[in-house]
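This report refers to the structure that appears directly beneath it.
The values are calculated or read from the model by the stated rules, or taken from the named source; none is laboratory data. What you see is a predicted model; the values in this text were computed from it and never measured. Cβ placement follows ideal geometry from the backbone for every residue including glycine, while neighbour counts extend to all protein chains displayed. What goes into the accessible areas is simple: the full protein's heavy atoms, side chains included, and nothing from ligands, DNA or RNA. Shrake-Rupley method; radii C 1.70, N 1.55, O 1.52, S 1.80 Å.
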Amino acid sequence: MNNMSGLADTLTASGGAESAGFLNDIVEQLWPNINVAGCNMVREIVEPILASTLPGPLANLRFTKLDLGPVPLRLSAVDVHKTSMGGIKLDMNVSWESMSDIELDGRMVPKIGIERVHLKGRLSILLAPLTNVIPLIGAAQVAFINPPELSLDFTDAANIADLGIISSTIRKTILGIIGGMAVLPNRFLVKLDNSNDYFKTYQPPLGVVRLTMERAIGISGPKKSGAKRLLAKIVKDVPDCYCKVSVGAEEEWRTSTKKNNHDPEWNETHDFLVADFEQNITLDVQDDDVGADDDIGIGSISIKDILLGGGTKEIALTHKGEHTDARVTIHAQFFNFVNEPQALSATQSQGEGQLCGLATVLVASALGLQGQRDELQPSVKVSWGRKEFRTAIKTYTPGTDIFNPSFDQAFRIPITRDMVNSPAPFRISLLNKEAETGAIEIPFTDVQNGQDLTVSNAYDVGSGATLRVAISLRGLQLA
């Protein structure tokens, strides 16, 4: 079978739709427990992030009431697959029309109540086997395939003039938190057995999609108001267009701006990691303007659809839900990740924004930490050249082993041409609070020479402590 037919078979494969009735029955039975666990997670994870990311006075908001309500989320359109790692993949639609009792209060803003949460998206759940012998599930990894739709109905602040700003700011912040934790390629890990090995559970990306923004036609500037409309009458207003491109929770890419052009041509290329072929490529064309930029229109297509369509597609743009005459042409190529040394080459990158491969660092756990348990706040920092990442900071709570903490985090580092030509060593540091207590350097060549371009070990970082870390390299092969 050649690569093209192999990719087509993968894209069109389906495990078959299953009834979601039994899953909804389980969710309904477990909803009181899910409610408690979900509220605890919101307090422990979401509230600190809100405090650090909300602007100005909104940073003082804290949850004074938190109840997700009696209405459980609903599941539908379940699709079941086997994974290459020997697990099970469940894709399903999820919708939630809550009757919540949520209240936020702060020192400098009025009390804000949220009575309904509207959430809709397609969820992917990976179930990893505990062993290859006994069919037990060791862990579940949960993620939205694409950013979900979210809206909030507020109560107490209904008469505040700036409610729109508060609502959009809180909504945007919550979507950012969801994206960082559980929108592909990010997955939220739920360990069902403490003996589960993260190195075997982790699901790597499928490959890279190389997108070329070719051109747009029929671009007309949006209707303007106030001073902008007066200026448009005086000066012939021709849009200065650029396009923002996103795939899942990957960092957004922006093309250059083409001045005074109704039919701009970009022919610019950028690579994105692909975790699921159902991920959408989202295009947002903007008019670069004085003050705030103007929306021209948005469009989207799934990676699966553009590849099955031959790789090139003309996509119609909509503006605030209305069809426009504008269309954008985009081209896509897909590259598989392979563990062959010759595939990890600078020749795979033909310019800025194009990758040669991927480095993945898995941080499973630390073992043998020393000190007083209440003084230990361990984390792990991963450095490679100018790239730096850090795990979550662990703290002692009853029932946890702070001397042997699990981190179970993955850091994906796209490899560019300069990183292959002058590779730096990987530096793995153990921190307590902000102080480094030990470190190990792993040469790039050690990983290159490892079996399947991978090294995995419990590395001694001094003072009796070890870090369980795995590092892998992958090159690109055109599919």
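Some points to look at:
- For the stretch 432-456, filtered to residues that are of a type outside the set (Gly, Ala, Ser) and within 27 Å of the chain's Cα centre (by Cα), the residue that is farthest from ILE415 (Cα to Cα) is LYS433.
- Restricting the first member to the stretch 418-440 and to residues that are touching a residue at least 60 places away in the same chain (Cβ under 8 Å) and over 18 Å from PHE403 (Cβ atoms), and the second to residues that are of a type in the set (Ser, Thr, Tyr) and loosely packed, with under 12 Cβ neighbours inside 10 Å, no beta-carbon pair is closer than 9 Å while six or more apart or on different chains.
- Residues being under 25 Å from MET92 (Cα atoms) and either open to solvent by less than 10 Å² (accessible area, probe 1.4 Å) or assigned to a strand (DSSP E or B) (or both) - total across the stretch 277-297: 5
- Being crowded, with 19+ Cβ neighbours inside 10 Å and either in a strand (DSSP E or B) or polar (S, T, N, Q) (or both) holds for only one residue in PHE335, PHE389, and it is PHE335.
- Number of residues in the stretch 413-435 that are closer than 17 Å to VAL455 by Cα and surrounded by fewer than 18 Cβ atoms within 10 Å (Cβ to Cβ) equals 3.
- Checking each residue in the stretch 259-296 for being closer than 22 Å to ASN186 by Cα and of a type in the set (Gly, Ala, Ser) picks out only ALA275.
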